[in-house]
Amino acid sequence: MFSSTVRHIDQIAYLKSLGIPVWVPRDFQPPEFEQPCAEEKAEIAQSAAEPQAEAVPEIRLSESPAETAKLDWPALIGMVGNCTACGLHTGRTQVVFGVGNQDADIMVIGEAPGADEDLQGEPFVGRAGQLLNEMLKAIHYPRESVYIANIVKCRPPENRNPQHDEALHCAPYLHRQIELVAPRAILAVGKVAAQNLLQTDLPIGKMRGNQYHYAALNIPVIVTYHPAYLLRSPKEKAKAWQDLKLLRSLLV
Ligand code: URA
Ligand code: SF4
């Protein structure tokens, strides 16, 4: 215990001497979204020392089509509720529009509704949603304080990934949601959200740890692992915690 603390302090001094910013948890500790153990902290320190991934070229999304460009919340909700623009409408119980604080600092963007979300009409209400709630609480932005939406608003069959054309058809709705909320930062959870928002094919492991922008509105985007993945690979929570702190650092 003592020696690992000493090793950790040594690492911090080493990273500081290289001019690398070091995260030292202070007053904000993730309550149930577990703190990384000493081993994971060492891994974080090591990954901070690794060269940053290359910047993603920022490709501008096509502008929101005229039909959604000026819509207010009720009109947008009405339009999405009746949408049949892509094949996903045939399998839905209901549209999962989005939920939360319309003046939020943080907008969380996931992939697509799953079975629970399709039944309840709200994003991230299943097990992954529980973990997302813990993650947000850990940086003192509880679920109610943020706005949550998905790349597509209707559940894909068998929870498959949304296809390119489905995401494209749904993008104007998400774009208008982002424009209306005007968050200070976006948290993209998972590969599908990150790749669609940033219009890139980069793997998520390359994207996380960096700051990007949603080019169409010039809003900072932080990428992290999807909570469903973190449930399967709890070791990666240490990296997600690092991403969350990066997100939080944009808001202080
Ligand atoms: N996974 C997502 O990406 N979105 C949800 O709303 C639920 C699970
Ligand atoms: Fe419309 Fe989006 Fe649902 Fe497709 S996923 S039907 S574009 S709301």
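Here are the numbers for the structure shown:
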| item | result |
| --- | --- |
| Accessible surface, per residue, of segment 70-122 when the full set of protein chains is kept, probe 1.4 Å, Å² | 47 Å² |
| Where N is the number of residues in segment 126-232, Cα Rg divided by 2.2 N^0.38 Å | 1.04 |
| Alpha-carbon centroid distance for the pair segment 217-235 / segment 124-145, whole angstrom | 12 Å |
| Relative contact order of segment 193-252, defined on C-alpha pairs under 8 angstrom at six or more residues apart (%) | 26 percent |
| Pair residue 199, residue 72: separation of 7 Å Cα→Cβ label points (nm) | 3.1 nm |
| Listed pairs 153/235; 70/137; 153/191; 206/245 exceeding 28 Å between Cα atoms | 153/235; 70/137 |
| Rounded FRET efficiency, nearest 0.05, which uses the C-beta distance separating residue 231 from residue 103 and R0 of 25 Å | 0.25 |
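The values are calculated or read from the model by the stated rules, or taken from the named source; none is laboratory data. None of these values were measured; they are calculated from a predicted model. All Cβ positions, even for glycine, are placed from backbone atoms using ideal geometry, and neighbour counts span all protein chains on display. Only protein heavy atoms, including side chains, enter the accessible area calculation; ligands, DNA and RNA are left aside. Shrake-Rupley method; radii C 1.70, N 1.55, O 1.52, S 1.80 Å.
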